[in-house]
Amino acid sequence: MHQAAKLLSLPLAWLTCTCAHAQQSEPAATPFRPTVTSGAAISLPGWLELELGGQRLGGHGADRRSSLPYLLKYSFNEQWALLLGGDARVSSRPAGAPALSGMGDTALTLKWRGSAAPEGTSYGVEASIKFPTAGTGLGSGERDYGLKGIYGLDIAEGWHLDGNLLATQLGAVDTGQGRLQSAWAMALSHSVGPAWTLAADLSGTHQRGAADTAQLLAAASYALSPRLVLDGGLAGGLNRNTPKWTLFAGMTVLLGQLH
């Protein structure tokens, strides 16, 4: 996590200084982190937004793996956004094998947010392509195509529920496995005061010929300023096919207006 700390420290230091006298009315960041579940919201139209993080996972026979995930977000308007993300760097230590490190895979996503949702609800769709930019042994080496449905619901004052269904066509599979992987996720979030948000997230995957996965995640985020939101949390695997533990931390930064 030393590399993650170095990567995160530069924009954090810059924004802490520039936002010291920020007004509450200034443009605000729209974090997609830290849950697995996606909300229907998109970032501020016309502004470039960046998410950075660091995470480490292991246990249940899984390789020890560290990564530096990132996500660049740009919204054209209130309904359409383009997302570019992946792992800036991945380090993996397979059991009984030499350690591997390098760049991870890269994904391009087009996101649409519905504009006619009833009050207290939201919905959207994400279509994505994962490009095999990772080094040997750090990715599948093939393209994946994904389609995600998103639904959100305000269930009480300060409480919000999001749900996702995702279908991914995998470019690389083992013998006897299906190419279609389905995934589900749901997240419950609660705003605590003007700056804190708490979240719990449950997610899993299913693929013919492969073991199902499931995990439970707990996280918190803190708005250091309207344009800078910090987050952190942990996740635990609910079966032996899922990494036993995952630790993560990161930030969402509203960088600047492009038009």
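The values are calculated or read from the model by the stated rules, or taken from the named source; none is laboratory data. Quantities reported herein were computed from a predicted structural model and do not represent experimental measurements. Cβ: placed from backbone, ideal geometry, glycine included. Neighbour counts: every protein chain shown. For accessibility, only protein heavy atoms count, side chains too; no ligands or nucleic acids. Shrake-Rupley method; radii C 1.70, N 1.55, O 1.52, S 1.80 Å.
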Exercise. Just to be sure, is residue 166 touching a Gly at 6+ places or on another chain (Cβ under 7 Å), under 29 Å from residue 200 (Cβ atoms) and without any contact (Cβ under 8 Å) to a residue 24 or more places away in the chain?
Worked result: yes
Exercise. Of the residues in segment 30-53, how many are open to solvent by less than 20 Å² (accessible area, probe 1.4 Å) and over 11 Å from the mean Cα position of the chain (by Cα)?
Worked result: 5
Exercise. Would it be correct to say that residue 124 is exposed (fewer than 15 other Cβ atoms within 10 Å of the Cβ), out of contact with any Pro (no Cβ under 6 Å at 6 or more places or on another chain) and touching a residue at least 40 places away in the same chain (Cβ under 8 Å)?
Worked result: no
Exercise. What's the number of the condition residue 111 fails, among (1) of a type outside the set (Gly, Ala, Ser); (2) part of a strand (DSSP E or B); (3) surrounded by 14 or more Cβ atoms within 10 Å (Cβ to Cβ); (4) over 15 Å from the mean Cα position of the chain (by Cα)?
Worked result: (4)
Problem set entry | Candidates 176, 152, 135, filtered to the one that is outside any strand (DSSP E or B) and farther than 20 Å from residue 65 by Cβ | 176
For this session: Could you grab me the full set of residues in segment 114-132 that are in contact with an Asp or Glu (Cβ under 9 Å, 6 or more places away or on another chain) and assigned to a loop (DSSP other than H, G, I, E, B)?
Result: 115, 119, 120, 132
For this session: Please determine, by comparing only the residues of segment 76-108 that are of a type in the set (D, E, K, R) and closer than 21 Å to residue 48 by Cβ, which one is surrounded by the fewest Cβ atoms within 10 Å (Cβ to Cβ).
Result: 78
